[in-house]
Structure formats: C-alpha cells, structure tokens
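K.L.:
Here it is, the structure in full.
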Amino acid sequence: MRLDKYLKVSRLIKRRTVANEACDAGRVSVNGKPAKASVEVKVGDVIEIGFGNKNVKVEVVEIVETTKKDEAKDMFRYL
C-alpha cells in the first residue's frame, strides 16, 4: 500500500492530500530514510512523522484497504 494512503487509512494523518504534502516537505521517513508519498509500506516498517516540534514513531502492524475509526489504531504500534 502507498505511504500516503496508509497514513490516511490508519488515521495517523487526517487527509491524503495532507499526507502527500508532509511527504513532499520531507517530514515523513520510512525505516530512517526520507520517503515520498508513493513508497510501498510493508508490515514491520517503521514510520516517523514530524508534527511541528513533536515526532511520532510507529511500526506498521497490519495493512488493510479500509477500516473503521475504532479499528484504525490496531494498524500500527507506537514506539
């Protein structure tokens, strides 16, 4: 699954366009490398997102195409 879609489906970022902009600005990295929105995300990847002065680091646990809001938190694990 594409990184921008994963960020939206997992509810880490609210909208896909915002996820795209964050990737273009270099605020998102996958496994320690700056990532573009088109990077394929796999189970076990570590995603780090810079939100202003706060960094969020998560590990991909599950990949699904669609999910309910309360089940979205099961797609990743905070590190």
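Just so you know, all these numbers are worked out from the coordinates, no wet-lab data involved. Small disclaimer: the values here were computed from a predicted structure and weren't measured. Cβ placement follows ideal geometry from the backbone for every residue including glycine, while neighbour counts extend to all protein chains displayed.
K.L.:
What are the ³J(HN,Hα) values, in whole Hz, obtained from phi via the Karplus relation 6.51 cos²θ - 1.76 cosθ + 1.60 with θ = phi - 60°, for each residue of segment 60-69 in sequence order, with x given for Gly and Pro?
P.N.:
Here the 3J(HN,Hα) series is 6, 9, 8, 10, 9, 6, 9, 7, 7, 4 Hz.
K.L.:
Also, I was wondering about something else. Find which of Gly50, Val39, Phe76 sits farthest along the positive direction of the dipole of the chain, computed with +1 on the beta-carbon of Lys and Arg, -1 on that of Asp and Glu, about the Cα centre.
P.N.:
It is Gly50.
K.L.:
A further question follows. Extent of segment 28-79 along each principal axis, from alpha carbon coordinates, in Å, largest to smallest?
P.N.:
Answer, in whole Å and largest first: 28, 23, 17 Å.
K.L.:
Still on this structure, please answer the following. Could you pull out every one of the lysines with an alpha carbon less than 29 Å from that of Lys68, ignoring same-chain neighbours closer than 8 positions?
P.N.:
Within the straight-line cut-off, Lys68 pairs with Lys5, Lys8, Lys14, Lys36, Lys42, Lys54, Lys57.
K.L.:
Taking the Cα atoms of segment 1-56, what is the range of coordinates along each of the three principal axes, in descending order and whole Å?
P.N.:
27, 23, 17
K.L.:
Within segment 1-78, report the GluC sites (Glu not before Pro) that DSSP leaves as loop and that have at most 11 other Cβ atoms within 10 Å.
P.N.:
Those that pass, being in a loop and sparsely packed, are Glu65.
K.L.:
Follow-up. Charges only on Cβ, +1 for Lys and Arg, -1 for Asp and Glu: so what's the dipole of the chain about the Cα centre, in debye to the nearest 20?
P.N.:
Approximately 260 debye in magnitude.
K.L.:
Percent relative contact order of the chain, based on C-alpha pairs within less than 8 angstrom and at least six residues apart?
P.N.:
Reported as a whole number, the value is 27 percent.
K.L.:
Do the sum for the chain: with -39,500 (n - 2.57) for every DSSP H run of n ≥ 4, divided by all residues, what is the mean residue ellipticity at 222 nm, to the nearest 500 deg cm²/dmol?
P.N.:
Value at 222 nm, helices only: -6000 deg cm²/dmol.
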